[in-house]
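The structure appears below as structure tokens.
What follows draws every value from the coordinates through simple rules; no lab data is involved. In this text, all values refer to a predicted model and were calculated from it rather than measured experimentally. Please note: Cβ atoms are built from the backbone with ideal geometry, for glycine as well, and neighbour counts cover all protein chains shown.
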Amino acid sequence: MVKSGKLRSGTSQKIKRWKKGHSSDSNPETSRYRKAARSRYFSRPLEKSDLTVDALKLHNELQAGSLQKSSDAMQAGDVMEDQALTEKTSGTFLSGLSDCSNLTFRKVQRYWESNSAAHKEICAVLAAVTEVIRSQGGMETETEYFAALMTTLEAVDSSESLAAVAYLLNLVMKRLPAAVLKKKFSDTAKAFMDVMTNQVNSDYSSCLRWIISCLATLLRKQDLSVWSYPSTLQLYHGLLSFTVHSKPKVRKAAQQGVCSVLRYSDFVFSDNAPVYHPAAAATAKFCCKELEQSGGSKEDTTTLHVIGLLKDLLSAFPLSSVKSCCETLLRLMTLSHVLVTANAMQAFHKLFSSKPSPASMSAELNAQIITALYDYVPSENDLQPLLAWLAVMEKAHVHLSSLQSSLSISHLPRLFSVTMSCLLSPHTQVVSTATQTLKTLLNECVAPHMAEISPVLPSTSAGNGACILKMFRIVEEGLSYRFHASWPFVLQILGCFYRAAGRQAHPIMIKSLQSLGDLRATPQFPFSGELDLAVGGAVESMGPEVVLKAVPLLITGTDDDLEFPRSWLIPVIRDHVKNTQLAYFTSYFFPLANNLKQTGDELEQSGQKLMAKVYQTLQMQIWTMLPGFCTKPTDLLASFKGIARSLGMALNDRPDLRLCICQALRTLINKSCDTEEEKAELKRFSKNFLPILFNVYNQQPKPGEMVSARMAVLDTIRVYLSITEQETFSLLKPFVACTLCNKKAYRVIEEICGGESASCKAFVLQNLEELKTMLIDSLTTAASSSKRPRLKCLIHIVKQLNEEHRGFITALLPEVILCTKEMSIGARKNAYSLLVEIGNAFVRFCGNTKDAINEYLGHVYIGLTGSVTMITCAVLALTRLVFHYKDTIDVSSLELLLQNVCLLLSSRTRDIVKASLGFLKVLLFSLDVKVLASHITMEGIINMNDMRRHFRSKLKSIYTKMIRKFGVELVKSMLPADQHKVLVNIRKTEARNKRRKLVSKTEEDGVLLYLSLCSIEDILAETDSDSDEDEKPRKGQKKPVRKGQAWLKEGISDEPLNFLDPKAAQRVLATNPNLKKASKAEHGFKVTSDGRLIIKEEDDEDDDNTKGGTQSKKNPKRKMRDELDDDMDVEPTMKYKGRFKSSISPCA
């Protein structure tokens, strides 16, 4: 955006400026906008109007209701020619446009503000047609508009009006019912052909363009039977002839129309649709004829136009037509015309990309085109044609593979040979595209069909296996030195080949794997990342056993090469192993890890800590392979029992391996249990793994151990419990009964009960009785630290209970009430939440909310008769329930509850009194004033006795809330006289706070009022003061410190300062010389003439102040203490009463 008041660069030369001395002229010389405005209101325009004679003629004829040419109309037109300029009246000629109700023309309504003559003509025609339809009582439907516009099309003569009518017809016909177009097909087609014949040589192409579009829409709506008539084909050929028109817009409209007719006719989408359009063969013949006539000459652009049409139509032609068109395109490519060849390649590319049906493209024709295209292989240095050729061949082979896979594979070796030679190109883009082409062919043409091919051996000499062997030998040749510049791309192709065919063709790939191992051992090999990915692809498809036979690990645990040259294989196998045999880990890697562990321990004992660390790291890396081996193993049923015992022992004895083993177990359960047999096999070992996991989870981590391992164990327990059912409680019961570890057991049960999955919910419902029994039996053994997860379990269980379990809830209630005084914040929160859930359960049981809450409160009232702790917890529980169910508690129940709590205020136990005051405070906060007014009482507060001083702040808060709700007079009448001082203090505090708010608001309003009343001169006059007179800070506010400020001491008696004086630098001061020193702070004591302090007694001081008519200021601390004593009406325990006057001399 350009800022206001500024012009863009370069615009100063384009705009008109005032002449010098004439900037004050009020009226400019040009008045274009005034003239335009004047012409709109009852005055004859001075310039030529945009309203044409033809438009007025059309309007008058439509208004008259007759569109027939007559001599009278012609005479009227001649008269109107002489009177072309008309006056504008209230009923404008566009009145039918602005309020047109048909949504078809909502696009046209945007044109009325356009300056284009064509747009204005469209608006005029639409307005006139709309007025005619309304005058005849029409509903402005598409059919009415179509009839009116077709009549108008025959009446108008000028090309501009014809274009406007044709444009509106094009809009209407797209939304017109197909039955209308079918019925009026002959008349409409004849009218269109007449217009096209008359306008074919016209310089104004818009009319022809829209008529062609209308004709295409008309043909597209016809039935299949209509296309058997020669007249229909003749009409279509008329449309087809415009596809090579010299004008681009006409040609484009014709090509789009032909494509829409052949591809999107209505009968093409019917149930009994033909394989291809009846006019498709004629269209193909027309295209071939035009191509042969033009001959591909450089001057004639018809060839390019027809090829552009074929790009969209080839896949819609029948098989014979596709063959003839492709042969014609191939013949044109022999002319070596760059544009023709490029467009022909684009046509082939679009043909194969559209995936035509076998009726249009057979496998044999596809293969023949592939073979023919080898005659047009561009040079390796010809960048764009080579890229286009590779793209076409890729799509051709992929489509051939979908038609006949064996034929596609037989054609791949030749393409692999040509494409691999492209890797020698100096252009990086060619190398990258060739690599991507080979990878796509392997993934699309080879990988999906490898299961149908028998194992490929080095001696295979026939069939698809031989083709796979040839293709791999061609790719393997890329490891030779002449391809060294493209080795990263060759490695990508090798990795893709391993993934696609490694499972069936691994015998022919052993040599390449060995070559890769040798390359990896080369010092400073630059493409180690790409090589690792290629070997990883081999691990995925062939399995680690085949790879390690070709490239041994060279690690045994004894007498190893300390360089470990093949250790890079361990992370490669870890990252890519899956869908392999779990038994191979048990037979090879597990003993190897034990040997490495043993060697590391021996080296550590002998003092070789560095080598011991190397061996320990290697054995840990081998264990990290285990989760990959457990990802969809092929022999789970046969091999898991062989490794289960070893995994259980490692869980117990090896804390460093718990993360790996837990991850492996979770992977087996989550990703490998596809069948019920596999799930049953893992469930069979749950009685072995779950106790071990529980024991491990209950152990506190030792120093140096990772805390995250315990969370991994918990996740593994949760996952393992998802496939076990009845075994769960038998495993958890010993841990729940144990005081030392029941917290962990409750956490496990909490995870099960709170699970959102359907299996967890069904599991809880099926075992609800056992859960209830276990939780009730473990009530006495539940440790305080386990209350939080235990209460959380109860919350999940209570949510699923029905009326049959009312006794279970009643039995739980005392424990829940006592938990409201737990030390743990989480336990207290869960206890309050569980109280609310129990209330919701009672509501579910009873149906009537009030009766349910009264029954529930009756159970809680029992706690008020228990011990001191029970009474306190019961009051806290009642407080939470009253707050939550305040709208549903009965008035009588609330009154009874308030009386009992007020009685408890007279207790001598602070906890009970504190809980009772909290109840009153919540009551005042939550209940309505009308409800409180009838039940409020102060008897309990009056009878508090000794507790009043301890809870004076809580009482003051309660008094404040009551005063705000009921007023100070009512509260004062309910309290004894000794409490009135507290009310006075509250009233003063409230008044003080109110005054402060009012003052702050008044100050803000006063500043605004002052600024609004003062004139600008007054404000400026106040700011016109000396800069030395700074604003003094307010009392209690620090003056802002200005860093880096300096003052200049002026000369004596207004003598100017000489800056050339050498002593002038001494006059620069860091402090303001005009400011006076601050006086000493007052200490509140009088001083005698000789400087001694006079300290008087309070009584004497009060007498002196009374006599003098002044009031002294008290010490702030003393004042605070006195006010506090006044509020609580408590005499100070100790007060100094000195009866002397003292004079203290100042220190010498």
| What pairs in Lys355/Lys439; Lys679/Lys787; Lys956/Lys994; Lys687/Lys792 have C-alpha atoms more than 23 Å from each other? | Lys679/Lys787; Lys687/Lys792
| note | With R₀ set to 56 angstrom, the calculated FRET efficiency between the beta-carbons of Asn443 and Val200, to the nearest 0.05, is 0.60
| So which of Lys120/Lys174; Lys190/Lys285; Lys683/Lys772; Lys252/Lys311; Lys921/Lys988 end up more than 19 Å apart, counting from Cα to Cα? | Lys120/Lys174; Lys190/Lys285; Lys683/Lys772; Lys921/Lys988
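Compute the length gained on full extension between Ile1094 and Val922: take 0.36 nm times their separation in residues and subtract their Cα-Cα distance, giving the result in nm to one decimal.
Gain on stretching Ile1094 to Val922: 56.6 nm.
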| In whole Å, what are the Cα extents of segment 305-350 along the three principal axes, biggest one first? | 28, 17, 17
| remark: Rounded to two decimals, the Debye log10 I(q)/I(0) of segment 823-867 (Cα scatterers, no solvent) at q = 0.16, 0.18, 0.25, 0.29 Å⁻¹ is -0.52, -0.62, -0.88, -0.95
| said: Could you check the spin-label model distance between Ser480 and Asp656? Points 7 Å from the Cα along Cα→Cβ, value in nm. | reply: 4.9 nm
| said: Along the Cα→Cβ direction, 7 angstrom out, place labels at Ser336 and Ser417. What is the inter-label distance in nm? | reply: 2.5 nm
| Only Lys, Arg (+1) and Asp, Glu (-1) charged, at Cβ; segment 184-333 dipole about Cα centre in debye | 240 debye
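Once the Cα gyration tensor of segment 758-903 is found, what semi-axes does its equivalent ellipsoid get, as square roots of 5 times the eigenvalues, in whole Å, sorted largest first?
26, 19, 12
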| In sequence order, what are the phi-derived ³J(HN,Hα) couplings for segment 395-410 according to the Karplus relation 6.51 cos²θ - 1.76 cosθ + 1.60 with θ = phi - 60°, rounded to whole Hz, with x for glycine and proline? | 5, 5, 5, 5, 5, 5, 5, 6, 8, 7, 5, 5, 5, 5, 5, 5
| query | If you take the square roots of the eigenvalues of the alpha-carbon gyration tensor of segment 247-337 and sort them as a ≥ b ≥ c, do you get rounded (a/c under 1.5), prolate (a/b over b/c) or oblate? | reply | oblate
| said: Need one word for segment 579-626: rounded, prolate or oblate. Basis is the Cα gyration tensor (sqrt eigenvalues a ≥ b ≥ c); a/c below 1.5 gives rounded, then a/b vs b/c decides. | reply: prolate
| message | Let's test the formula: R0 of 60 Å, r as the Cβ-Cβ distance of Ala117 and Lys632. What FRET efficiency results, to the nearest 0.05? | response | 0.25
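If you take the Cα Rg of segment 880-920 and divide it by 2.2 N^0.38 Å, with N the number of residues, what do you get?
Against the empirical 2.2 N^0.38 Å value, I get 1.22 for segment 880-920.
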| Which of rounded, prolate, oblate describes segment 336-439, given a ≥ b ≥ c as roots of the alpha-carbon gyration tensor eigenvalues and a/c under 1.5 marking rounded, otherwise prolate only if a/b is larger than b/c? | oblate
| remark: Residues meeting the amide H criterion for Gln581 (H placed from the backbone, H to H distance under 5 Å, 5 or more places apart or on another chain) are Thr634
| With eigenvalues of the C-alpha gyration tensor scaled by 5 and rooted, segment 93-249, Å | 26, 20, 12
| remark: Contour minus Cα-Cα span, Gln605 to Lys961, at 0.36 nm per residue, comes to 120.6 nm
| Per residue and in Å³, how big is the convex hull formed by the alpha-carbon atoms of segment 551-670? | 104 Å³
| said: At R0 = 51 Å, how high is the FRET efficiency between Ser784 and Lys671 if r is their beta carbon distance? Nearest 0.05 is fine. | reply: 0.80
